[in-house]
Amino acid sequence: MSNPQHFIICLIGPTASGKTALAVDLVQRFLCEIISVDSAMVYHGLNIGSAKPNAEILQRAPHRLLDIRDPAEVYSAGNFISDAEREIADILHQGKIPLLVGGTMLYFHLLQQGLDQLPIRNEKTRQLIQEEAEQQGWPWLHQKLAEIDPQAATRIHPHDSQRIQRALEVYTLTGKPITEAHQQQLVQRTYQIHNIILCPQDRHVLHQRIEQRFLQMLEAGFLDEVKQLYQRTDLSLQKPALRCAGYRQAWEYLSGELSFDEMKEKAIIATRQLAKRQITWLRRWKNAAWFNSEDRELLKKVTEYISGLFKPSL
């Protein structure tokens, strides 16, 4: 495997695990280009709350797929797969290594396992599902999904309304579970994928980092950022962009539903819950090299691992 055109690297980890810092260091050592794998960073104006790399970092290590959508728009997993495959092909064509970095596990999963030709959004069907959710609640619909597609229900959180709605929509329109549809897709690619998982061994350390980072976001002007979004008449919590951890709670604070302390506490809890779900995904990941994000020799060890990818197999 001496030719870097033969592989891509996916640097995956829970929120606040230090992925961006490591990726920037790797770009200085290898002929890599970063592709962001983050469902919040694709949106203009979601900067502080999404921990989007600042101008200084982007100068050192440009990221692709940042700021490519307005928060009023929907950016689907299908959109990401199309965009990512295009960027991967372009980077490989330049003789470089695509370094995909982020924590949106669904994007990584579908990129690696394949995205089938599922039906496009059907607003009428979605409206019917939404009305049922308003009457019965999303956990009830999640149970309904479990009867139809147990595997999908295991992957999807009972309060993940967006993905529950999509899974039920696909079943309504096609008559088959979304898991079955995914499994029928044959993935054809000209490159190999190497997964690097970055995660602290101590969950308590991650919780501390999450809290510290959110407090730093507040000091950096996070609420002012959300105020600019809140003043727009075309945005609400119905938009996927604003349902991200932190943004939802800040929005509710601005609307008077939460006090400042409640907002802060709920945002930190929501982010910790997100990290827990991400780690659950990662534990099921196959063929991945795990690294402790708190290891003082992290960069050295990851550098050695990547260097080994260039050595031809015996």
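On the basis of being more than 20 Å from the chain's Cα centre (by Cα), at pLDDT 95 or above and farther than 22 Å from Ile193 by Cβ, does Ala55 make the cut?
Yes.
Mind checking whether some residue in segment 48-55 is touching a Leu at 6+ places or on another chain (Cβ under 8 Å) and surrounded by fewer than 20 Cβ atoms within 10 Å (Cβ to Cβ)?
The initial filter retains those residues of segment 48-55 that are touching a Leu at 6+ places or on another chain (Cβ under 8 Å), namely 52-53.
Narrowing further to those that are surrounded by fewer than 20 Cβ atoms within 10 Å (Cβ to Cβ): none.
No: segment 48-55 contains no residue that is touching a Leu at 6+ places or on another chain (Cβ under 8 Å) and surrounded by fewer than 20 Cβ atoms within 10 Å (Cβ to Cβ).
Could you check segment 70-96 and list, in sequence order, the residues that are in contact (Cβ under 8 Å) with a residue 24 or more places away in the chain and basic (Lys, Arg)?
Scanning segment 70-96 gives a single hit, Lys96.
Considering segment 106-121 alone, what residues qualify as being modelled with pLDDT of 75 or more and either aromatic (Phe, Trp, Tyr) or more than 21 Å from the chain's Cα centre (by Cα) (or both)? Break it down into steps so the answer makes sense when it comes.
If we filter segment 106-121 for residues that are modelled with pLDDT of 75 or more, which is where we start, we get 106-113.
Result: Tyr107, Phe108.
Residues that are in the same structural domain as Ala267 (by TED's automatic domain parsing) and surrounded by fewer than 16 Cβ atoms within 10 Å (Cβ to Cβ): which helices (runs of 4 or more DSSP H) entirely in segment 137-238 hold 3 or more of them? Steps first, please.
Values: elements: 138-148, 150-155, 161-174, 178-183, 203-219, 222-230.
Ranges flagged: 203-219, 222-230.
Please find, within segment 49-93, the residue that is farthest from Asp25 (Cα to Cα) out of those that are in a helix (DSSP H, G or I) and of a type in the set (Gly, Ala, Ser). Reasoning before the result, please.
Step one: of segment 49-93, the residues in a helix (DSSP H, G or I) are 55-60, 77-93.
Add one more test, that the residue is of a type in the set (Gly, Ala, Ser), and what stays is 55, 77-78, 82, 84, 89.
Working: Ala55: 16, Ala77: 28, Gly78: 30, Ser82: 27, Ala84: 22, Ala89: 23 Å.
Ranking the candidates gives Gly78 first.
From (1) in contact (Cβ under 8 Å) with a residue 40 or more places away in the chain; (2) under 20 Å from the mean Cα position of the chain (by Cα), pick out the condition that doesn't hold for Gln249.
Unmet for Gln249, out of (1) in contact (Cβ under 8 Å) with a residue 40 or more places away in the chain; (2) under 20 Å from the mean Cα position of the chain (by Cα): (1).
Give me the pairs: first residue in segment 188-208 and within 28 Å of Phe310 (Cα to Cα), second residue outside any helix (DSSP H, G or I) and of a type in the set (Phe, Trp, Tyr), beta-carbon distance under 6 Å, and six or more apart or on different chains, which are they?
Tyr191/Phe7; Gln192/Phe7; His194/Phe7; Ile197/Trp290; Leu198/Phe291
Mind telling me which of the residues Asp261, Asp295 ends up being part of a loop (DSSP other than H, G, I, E, B), without any contact (Cβ under 8 Å) to a residue 12 or more places away in the chain and in the same structural domain as Arg248 (by TED's automatic domain parsing)?
Details: Asp261 fails: part of a loop (DSSP other than H, G, I, E, B).
Being part of a loop (DSSP other than H, G, I, E, B), without any contact (Cβ under 8 Å) to a residue 12 or more places away in the chain and in the same structural domain as Arg248 (by TED's automatic domain parsing) holds for just one of Asp261, Asp295, which is Asp295.
The values are calculated or read from the model by the stated rules, or taken from the named source; none is laboratory data. Fair warning: this is a prediction, and the values are worked out from it, not measured in the lab. Cβ sites come from the backbone with ideal geometry, for glycine too, and all protein chains shown count toward neighbours.
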